[in-house]
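Enquirer: The structure is given below, and queries will be raised subsequently.
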Amino acid sequence: MATKITGVFSGRIRTQAASALFHEDNHALTLVEVAGTQKSPDPLWNGAKITYWGTGDLVNGNGPQKGYWCNERAGGDSDWGTFEGKITTSGQQVSMEGTFKFTGGTGKFKGLTGGGKYKGHFPSASDVVNNWEGEYTLASARAAI
């Protein structure tokens, strides 16, 4: 049985790079690494340290994004997965939204499945805020059925 989950994380950009493509004005391929801390009513995610790595293919600040993330916990267990969505720029505001999918984990998160949706924005050039919701099933819960 799947468990519903919600949360938010605030993070900072650790590294980023962009390469302008010369064939079209305002076209860039981007790469970013963001690190932050999860806040969630679910104790399995609350306080987890997240790092994510994302790519973008942006024309005039708009376009698809894809990437990977990893949540690490103080006890050593981790989970990870993939995300994909779109980045939208309107004036000075940059936002993103899309879907995510759990693809693995260690310890109690080994065999984790599920996913959901995210929506976020960049309140500054170096800060990221993302709200997310979805569901997950631990392998131990599937084995108990």
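Bear in mind these aren't lab numbers, they're just calculated from the coordinates by the rules spelled out. Predicted model only: the values in this text are computed from it and were never measured. Ideal geometry is used to build each Cβ from the backbone, glycine not excepted, and the neighbour counts take in all protein chains shown.
Enquirer: Find the relative contact order for the chain and round it to a whole percent, using C-alpha pairs within less than 8 Å whose residues are 6+ positions apart.
Expert: Taking the mean separation of contacting Cα pairs over the length of the chain, I get 22 percent.
Enquirer: While we're on this one: Compute, for the range 1-98, the length of the dipole vector about the Cα centre, with Cβ point charges of +1 (Lys, Arg) and -1 (Asp, Glu) only. Units Debye, rounded to 20.
Expert: Dipole of the range 1-98, to the nearest 20 debye: 320 debye.
Enquirer: May I pose another question? Between ALA35 and GLU97, with labels modelled 7 Å along Cα→Cβ, what's the label distance in nm to one decimal, could you check?
Expert: 3.1
Enquirer: Right, here's the next one. Out of LEU31, ALA74, GLY85, whose Cα points farthest toward the positive end of the dipole of the chain (charges: +1 Lys, Arg; -1 Asp, Glu; placed on Cβ)?
Expert: Farthest along the dipole direction, towards plus: ALA74.
Enquirer: For a quick check of your reading of the filter: which GluC sites (Glu not before Pro) in the range 20-105 sit in a DSSP loop and have no more than 15 other Cβ atoms within 10 Å?
Expert: GLU24
Enquirer: Taking the range 66-145, which trypsin sites (Lys or Arg not before Pro) meet the DSSP loop condition and have no more than 12 other C-beta atoms within 10 Å?
Expert: Here no trypsin sites (Lys or Arg not before Pro) fit, given the DSSP loop and packing criteria.
Enquirer: While we're here: So what's the projected area for the range 52-91, the Cα convex hull averaged over all directions, in nm²?
Expert: In nm², the orientation-averaged hull projection of the range 52-91 is 3.5.
Enquirer: Farthest toward the dipole's positive end in the range 3-143, which of ALA48, PRO123, THR3, given Cβ charges of +1 (Lys, Arg) and -1 (Asp, Glu) about the Cα centre?
Expert: The Cα lying farthest towards the positive end belongs to THR3.
Enquirer: Could you tell me what a quarter of the Cα convex hull surface of the chain works out to, in nm² with one decimal place?
Expert: 8.7
Enquirer: Find how much the distance from ALA125 to THR82 grows on full extension, using 0.36 nm per residue of separation minus their present alpha carbon separation; answer in nm with one decimal.
Expert: Extra length from ALA125 to THR82 when fully extended: 13.1 nm.
Enquirer: Measure out, as a whole number of angstrom, how far apart the alpha-carbon centroids of the range 14-68 and the range 84-145 sit.
Expert: 12
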